[in-house]
Amino acid sequence: MGRMALLAAAAVAAAAQTLPPPLQPDWEGVPEPYRALPIGKLRIPASKREWVRQRARVREIVVRSLGELPPRPAKLNVRVVSIDRRPGYRIEKFVFHNGAESEVPGYLAIPEGFPGKRPAILTMHGHGSSKENMFGYQPTSQDVAEMLARKGYAVMGIDNYFGGERRGTGPAGALEMQARNADQEMSLFKLHLWLGRTLWGMMLRDEQIALDYLASRPEVDASRIGAQGMSMGSTRAWWLAAIDDRVKAVVGVACFTRYEELIATRNLRAHGIYYFVPGILKHFDSEGVMALIAPRPFLALTGDRDAGSPPSGMAKLEAILKRIWGLYGKPEAFQSIVYKDTGHMYTDAMKQKMAEWFDWFL
């Protein structure tokens, strides 16, 4: 290894060992008017029967918060543009049109040498990342495709509205500079708001179209599809599972977040503008979204030094969601693991837990 490579490796190692400070105590420094906001509370029912009735109303509120989304294309418009053959699996690059204003590039890793239709994972990248990071072309800690494909899973992932190959495709075209200052994310947020819908809703809609394509593939067992992601991808994974029952198991890494605690710890800045949808806090916090996943398996893997996931909020989520899964008699299908002295990251230990979760439940 050359001197420059050694220096680069040392810098990476040093950065990995630098922990962010613990979060501030809740409400410290928060101005008085923001301490008594009219935030709704999710009523926890006493029985499964009562929850099933309540769930329909909760889901209606969640879906409505996304805005007036256009229908997904009735017919998939997908073309495969290349095939990359690797030992034990192949990666197909594809592009589909989302029926709104955008072409969406993605990858599908298909395992080879396994019998029958395979379980599949829809994987979602974080903010500032792309499908390249998940499929090893520009590897980061989010690179999960090879590991899962070698275990026999089909793995699909797309670029989100302002990531990867979609940078420079926003309303201002080449003037959009997402890599530098999030121009494209902000432009799209504004434009979709004008059209009566949210950027977050359109991002989830793209994932649903990807799910349509994944479920249509002859290699895939459509009854055994999971979703996983890190950071923004984690939030997409649990929101997607909340609104789409085709997702049978979920793993969210580094964004197990309760919204009120973001306010309490002065960390609204920890999430991009894409993250915010209107009206939801009038009814309930994020537990209302996550509760819609039950009784399907949901694993949250989070560091205790992650500014985007205040520990006080995680503790509240754990208590509420354990009760919801308990109504179904399946408390083991919800699990939250909080890693000590760990920031906003996807560690090898987390990857192992993610794979074990899908092995167990898919």
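The values are calculated or read from the model by the stated rules, or taken from the named source; none is laboratory data. Everything numeric here is computed off the predicted structure, so don't read it as measured data. Cβ coordinates were reconstructed from backbone atoms using ideal geometry, including for glycine residues, and neighbour counts include every protein chain displayed.
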Single condition residue 92 does not satisfy, out of (1) touching a helix residue (DSSP H, G or I) at 6+ places or on another chain (Cβ under 9 Å); (2) charged (D, E, K, R); (3) in a strand (DSSP E or B): (1)
Please enumerate the residues belonging to the stretch 303-362 that are surrounded by 15 or more Cβ atoms within 10 Å (Cβ to Cβ), of a type in the set (A, V, I, L, M) and out of contact with any strand residue (DSSP E or B) (no Cβ under 8 Å at 6 or more places or on another chain). 307, 320, 327, 355
Filter result (β-branched (Val, Ile, Thr) and within 17 Å of the chain's Cα centre (by Cα)) within the stretch 252-297: 253, 257, 273, 277, 289, 293
Counted residues in the stretch 116-156 being assigned to a loop (DSSP other than H, G, I, E, B), without any contact (Cβ under 8 Å) to a residue 12 or more places away in the chain and of a type outside the set (Gly, Ala, Ser) come to 5
Count of residues meeting criterion [of a type outside the set (Asp, Glu) and in a helix (DSSP H, G or I)] in the stretch 315-362: 25
Criterion: of a type outside the set (Ser, Thr, Tyr) and surrounded by 13 or more Cβ atoms within 10 Å (Cβ to Cβ) - qualifying residue of 29, 106: 106
Could you tell me which residue of the stretch 150-192 is surrounded by the most Cβ atoms within 10 Å (Cβ to Cβ), considering only residues that are under 30 Å from residue 224 (Cβ atoms) and among the acidic types (Asp, Glu)? 159
Looking at the structure I just gave you, is residue 263 among the β-branched types (Val, Ile, Thr), over 24 Å from residue 159 (Cα atoms) and in contact (Cβ under 8 Å) with a residue 40 or more places away in the chain? yes
Given the conditions (1) surrounded by 18 or more Cβ atoms within 10 Å (Cβ to Cβ); (2) modelled with pLDDT of 95 or more, report the number of the one that residue 95 does not fulfil. (1)
Over the stretch 223-256, the set of residues in contact with a helix residue (DSSP H, G or I) (Cβ under 6 Å, 6 or more places away or on another chain), of a type in the set (A, V, I, L, M) and without any contact (Cβ under 8 Å) to a residue 60 or more places away in the chain is 250
The stretch 172-197, residues that are at pLDDT below 85 and within 21 Å of the chain's Cα centre (by Cα): 178, 179, 182
Given the structure, is residue 120 out of contact with any helix residue (DSSP H, G or I) (no Cβ under 7 Å at 6 or more places or on another chain), under 24 Å from residue 200 (Cα atoms) and of a type in the set (Gly, Ala, Ser)? no
Just to be sure before I move on: is residue 204 modelled with pLDDT of 95 or more, at negative phi and either surrounded by 23 or more Cβ atoms within 10 Å (Cβ to Cβ) or out of contact with any strand residue (DSSP E or B) (no Cβ under 7 Å at 6 or more places or on another chain) (or both) in the structure I sent? yes
